[in-house]
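Novice: Have a look at this one before I ask anything.
The values are calculated or read from the model by the stated rules, or taken from the named source; none is laboratory data. The model shown is predicted, which means the values in this text are computed figures rather than measured ones. All Cβ positions, even for glycine, are placed from backbone atoms using ideal geometry, and neighbour counts span all protein chains on display.
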Amino acid sequence: MKLNANIRKRFRVSNKVKRVASNDRFRLSIFRSSSNISAQIIDDVKKVTLISASSVEKEIKSGPKVNKIELSKIVAEKLAKKAQEKKITKIFFDRGVYKYHGRVKAFAEALRKNGMEF
């Protein structure tokens with residue numbers, strides 16, 4: 001089966017993260033579209049999603065209209081707050097296909113400001 005470049009890149013990045021994954025850290029997977037961003041914290045050992053946050057949720061969509069980088073920061077703060085409630089502070093950041101630049105970088109920096117370690 002022939003895979004395109006984006007799928008190969010996603011597998012390469014995710015498999016590096018999964019290879020070093022342990023029981024004390026979970027994986028944070030990020031997805032961004034042209035107008036929205038979403039992220040989820042995944043337990044790869046049990047293969048279950050623990051927490052998720054997205055810019056299409058009602059509370060975020062109904063808020064004031066902001067640009068996409070600010071929207072990424074808002075989603076990151078919401079995800080970090082949910083993670084703190086479940087006592088999750090250490091994660092692996094799985095950027096997937098996306099470069100660590102722009103909205104992905106803003107998302108990661110907002111997570112770090114709110115107490116997440118990766």
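Novice: Select from the range 88-108 the residues that are part of a helix (DSSP H, G or I) and within 24 Å of Asp24 (Cβ to Cβ) and list them in ascending order. It would help to see each step written out before you state the result.
Specialist: Initial filter on the range 88-108 (part of a helix (DSSP H, G or I)): 103-108.
Phe107, Ala108, listed by residue number.
Novice: From the residues in the range 16-74 that are among the polar types (S, T, N, Q) and free of Cβ contacts under 8 Å to residues at least 12 places away in the same chain, which one is surrounded by the fewest Cβ atoms within 10 Å (Cβ to Cβ)? If you could, list the steps in order and put the result at the bottom.
Specialist: As a first pass, look at the range 16-74 and keep what is among the polar types (S, T, N, Q): 22-23, 29, 33-36, 38, 40, 49, 52, 54-55, 62, 67, 72.
Checking the rest, the ones that are also free of Cβ contacts under 8 Å to residues at least 12 places away in the same chain come to 22, 33-34, 49, 62, 67.
Numbers: Ser22: 10, Ser33: 9, Ser34: 5, Thr49: 12, Ser62: 7, Asn67: 8.
The selected residue is Ser34.
Novice: Condition first: of a type in the set (Lys, Arg), at pLDDT below 90 and not in a loop (DSSP other than H, G, I, E, B). Now tell me which residues in the range 15-41 satisfy that.
Specialist: Going residue by residue through the range 15-41, those that are of a type in the set (Lys, Arg) are 16, 18-19, 25, 27, 32.
Still in the running and at pLDDT below 90: 16, 18-19, 25, 27.
Matches in the range 15-41: Lys16, Lys18, Arg19, Arg27.
Novice: Taking only the range 1-15 into account, find how many residues are closer than 25 Å to Lys73 by Cβ and either exposed (fewer than 12 other Cβ atoms within 10 Å of the Cβ) or β-branched (Val, Ile, Thr) (or both).
Specialist: 1
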